[in-house]
Ligand code: ADP
């Protein structure tokens with residue numbers, strides 16, 4: 001998660017804020033363009049409607065959502081899907097292939113088994129047989145998409161979970177809505193997934209605070225300026241459960257079916273579209289520091305925070321260093 005606008009100065013008092021709830025979290029939009037109060041009310045409603053549409057398409061928490069209908073559709077049979085859902089499914093499949101299956105939306109039954117999905121929370125470690133059975137059916141190769149026909153089918157009885165990418169798509173949709181409304185300077189934040197367009201004031205970039213990964217109070221560890229860019233963070237420190245003092249993350253390693261277990265506590269990815277940033281942050285969270293070479297090959301802008309004893313070590317990919325500039329990058333690497 002990311003704290004946005006935590007460095008607000010009085011200069012930002014012209015910025016108008018809108019807020020609402022969606023996807024089990026909050027959305028926040030800051031507008032730096034001049035807007036009247038009545039227009040603000042319209043925009044608030046437009047944003048909420050945009051997000052509710054995405055929720056009806058992609059939620060696993062709404063039994064009637066389009067995604068849940070696809071999940072309930074008989075295995076092996078094609079089902080028509082909306083253009084939006086197709087776009088998110090297609091991007092997910094692409095990133096699964098590029099990350100060699102680290103990102104995999106077919107892990108839904110495992111997410112549920114580890115009690116992070118809509119099924120009830122057992123607060124215990126799953127039975128090995130059950131885990132093996134659910135792992136057996138999962139695998140992104142089993143999801144087929146026919147983008148020309150606009151249809152999709154599952155080749156095995158897995159459960160598609162878009163929680164690692166749909167929030168990012170929601171952020172992008174809100175940004176597209178605001179751009180279509182003629183706005184140029186705004187920041188959209190849904191539960192820490194952010195798009196920053198233009199500036200917050202003349203010659204002042206939007207600034208994003210990256211939290212120190214612990215579950216207590218929010219403290220900005222790094223502050224980075226962003227302009228016309230999306231930011232997404234995956235972390236193991238907010239959504240987890242504990243059994244016998246051991247913490248289990250909500251990010252699942254699709255190879256083992258177990259929650260990830262390494263010292264990388266959060267991954268922040270910058271990309272032009274938030275859905276890419278969101279999915280890659282999850283993929284990199286699965287891979288840990290072993291994912292850094294892939295970030296180099298793919299030219300991804302990645303910031304990882306790794307636990308080392310009581311301390312934190314920051315890793316930056318080359319593309320992230322290029323984006324931040326050498327001086328800023330050095331100060332982050334030194335913990336500033
Ligand atoms: P956050 O909720 O902190 O933004 P992410 O964007 O990383 O987290 O999404 C995590 C969610 O993605 C999990 O709660 C789960 O529903 C789903 N998920 C878990 N493991 C994977 C995986 N390997 N690939 C794709 N989605 C996953």
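Please treat every number below as a calculation from the coordinates, not as lab data. Nothing here was measured: the structure is a model prediction, and the numbers come from that model. As a convention, Cβ positions derive from the backbone with ideal geometry for all residues, glycine included, and neighbour counts pool all protein chains shown.
A few notes on this one:
- Extent along principal axes [Cα atoms of the stretch 145-237; Å; largest to smallest]: 51, 39, 14
- Among 313, 165, 231, residue whose mean-square fluctuation peaks in a GNM of the chain (springs only between Cα atoms under 10 Å): 313
- Contour minus Cα-Cα distance for residue 255 and residue 141 (0.36 nm per residue): 39.7 nm
- Average Cα contact separation per residue, the chain, under 8 Å, 6 or more apart, as relative contact order %: 18 percent
- Modelled spin-label separation between residue 298 and residue 333, with each label point placed 7 Å from Cα along the Cα-to-Cβ direction: 2.3 nm.
- FRET efficiency for residue 262 and residue 52, using Cβ-Cβ distance with R0 set to 41 Å, rounded to 0.05: 0.65
- Across the alpha-carbon set of the stretch 284-328, the Rg to Rh ratio works out to 1.00, Rh being the Kirkwood radius.
- Available extension along the chain between residue 75 and residue 227 is 50.3 nm, counting 0.36 nm per residue and deducting the alpha carbon span.
- Sites residue 37 and residue 205, calculated FRET efficiency, Cβ-Cβ separation with R0 22 Å, nearest 0.05: 0.25
- Of the residues 125, 224, the one with the fewest other Cβ atoms within 10 Å heads the list, and the complete ranking is 125, 224.
- Coordinate range along principal axes, alpha carbons of the chain, Å, largest first: 58, 49, 36
- Extension gain, residue 322 back to residue 129 (0.36 nm per residue minus Cα-Cα distance, nm): 64.8 nm
- Ascending count of other beta-carbon atoms within 10 Å, so fewest first, for 172, 37, 322, 193: 37, 322, 172, 193
- Stokes-Einstein D (µm²/s) once Rh is taken as the Kirkwood radius of the stretch 93-207 over alpha-carbon pairs, at 10 °C in 1.306 mPa s: 93 µm²/s
- Once the Cβ-Cβ distance of residue 151 and residue 62 is raised to the sixth power relative to R0 = 22 Å, the FRET efficiency obtained is 0.55.
- Here the Kirkwood formula, the inverse mean of 1/r across different C-alpha pairs, assigns the stretch 257-336 a hydrodynamic radius of 12.9 Å.
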